[in-house]
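Colleague: Would you mind keeping the following structure in view while I ask a few things?
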Amino acid sequence: MSLAHWNKSDVPIQKLRSIQRKRRGNTSVHSLHHHAFKCNNAEETRKFYEDVLDIPLVCAIIEPKDPITGKETPYAHLYFELSDGSWLAFFDFPQKYSDLNCGFENTDVWTHHIALEIDDEDTLNHYRKRLDEHGVEYMNIDHEYCNSIYFYDPNGLCVEFTHNVDDTERYFHDKARDAKADMQEWMRVRSEAYPDAS
């Protein structure tokens with residue numbers, strides 16, 4: 001990962017923040033409410049998120065029937081609360097996952113992951129130590145615009161802990177300015193690199 005395709009601006013950061021506030025004010029979708037994923041065991045999932053990552057379980061809903069089929073097949077819906085008020089949510093629904101032949105295989109980190117922001121490198125080091133203590137493997141990646149670790153929870157969900165760096169704010173302001181041009185360039189590169197892709 002690199003900052004190779006960044007056309008860095010010299011616009012004052014206050015002006016960039018004003019542009020960002022206006023753009024965000026025109027968007028009716030406010031924030032991430034929750035990200036839901038299947039789990040193969042509610043208690044195993046609770047132990048990982050509460051005991052290893054210190055993210056509290058704030059709601060465990062026990063439902064008596066499948067809302068899609070109407071069948072009397074109980075399941076649980078768990079919510080773990082982040083400091084901004086959003087949640088990581090998990091469904092413990094053994095019957096449905098068995099019926100769907102729904103596996104829990106790990107994929108690579110790019111196929112599906114949830115990225116959670118932390119404060120700084122000291123906090124990232126704290127979590128590296130916690131993961132080491134619990135025997136959880138992780139991968140370090142310095143993206144240059146942020147610094148991250150990636151690891152898998154007991155369900156096969158890839159979790160990223162990441163923190164911003166000095167250039168992060170300006171980088172994303174400038175990339176917002178260039179997003180349409182960057183997309184056009186990607187579509188050109190994509191068609192050359194993957195001529196058979198749809």
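The values are calculated or read from the model by the stated rules, or taken from the named source; none is laboratory data. The structure presented is a predicted model; accordingly, all values stated were derived computationally and were not measured. Positions of Cβ are backbone-derived with ideal geometry, glycine not excepted, and every protein chain shown enters the neighbour counts. What goes into the accessible areas is simple: the full protein's heavy atoms, side chains included, and nothing from ligands, DNA or RNA. Shrake-Rupley method; radii C 1.70, N 1.55, O 1.52, S 1.80 Å.
Colleague: For Ala36, state whether it is under 29 Å from Phe161 (Cα atoms) and under 19 Å from the mean Cα position of the chain (by Cα). Before you say what the answer is, go through the steps one by one.
Modeller: Numbers: under 29 Å from Phe161 (Cα atoms): yes; under 19 Å from the mean Cα position of the chain (by Cα): yes.
When the stated conditions are applied, Ala36 passes them.
Colleague: Continuing with the same structure: Being outside any loop (DSSP other than H, G, I, E, B), closer than 30 Å to Ala42 by Cα and of a type in the set (A, V, I, L, M, F, W, C) is the requirement here; does Val136 meet it? If you could, list the steps in order and put the result at the bottom.
Modeller: On the way: outside any loop (DSSP other than H, G, I, E, B): no; closer than 30 Å to Ala42 by Cα: yes; of a type in the set (A, V, I, L, M, F, W, C): yes.
Spelling it out, it is not the case that Val136 is outside any loop (DSSP other than H, G, I, E, B), closer than 30 Å to Ala42 by Cα and of a type in the set (A, V, I, L, M, F, W, C).
Colleague: Could you pull out the residue among Glu72, Glu81, Glu43 that is without any contact (Cβ under 8 Å) to a residue 12 or more places away in the chain, closer than 30 Å to Glu137 by Cα and not hydroxyl-bearing (Ser, Thr, Tyr)? Break it down stepwise before answering.
Modeller: Details: Glu72 fails: closer than 30 Å to Glu137 by Cα; Glu81 fails: without any contact (Cβ under 8 Å) to a residue 12 or more places away in the chain.
Result of the check over Glu72, Glu81, Glu43: Glu43.
Colleague: Among (1) closer than 21 Å to Ala4 by Cα; (2) in a helix (DSSP H, G or I), there is one condition Thr123 misses while meeting the rest; what is its number?
Modeller: That leaves (1) as the condition not met.
Colleague: Which of (1) open to solvent by 60 Å² or more (accessible area, probe 1.4 Å); (2) more than 13 Å from the chain's Cα centre (by Cα) is the odd one out, the single condition Tyr152 does not satisfy?
Modeller: (2)
Colleague: Given Glu144, Glu160, which one is on the phi > 0 side of the Ramachandran plot, of a type in the set (D, E, K, R) and surrounded by 12 or more Cβ atoms within 10 Å (Cβ to Cβ)?
Modeller: Being on the phi > 0 side of the Ramachandran plot, of a type in the set (D, E, K, R) and surrounded by 12 or more Cβ atoms within 10 Å (Cβ to Cβ) holds for just one of Glu144, Glu160, which is Glu144.
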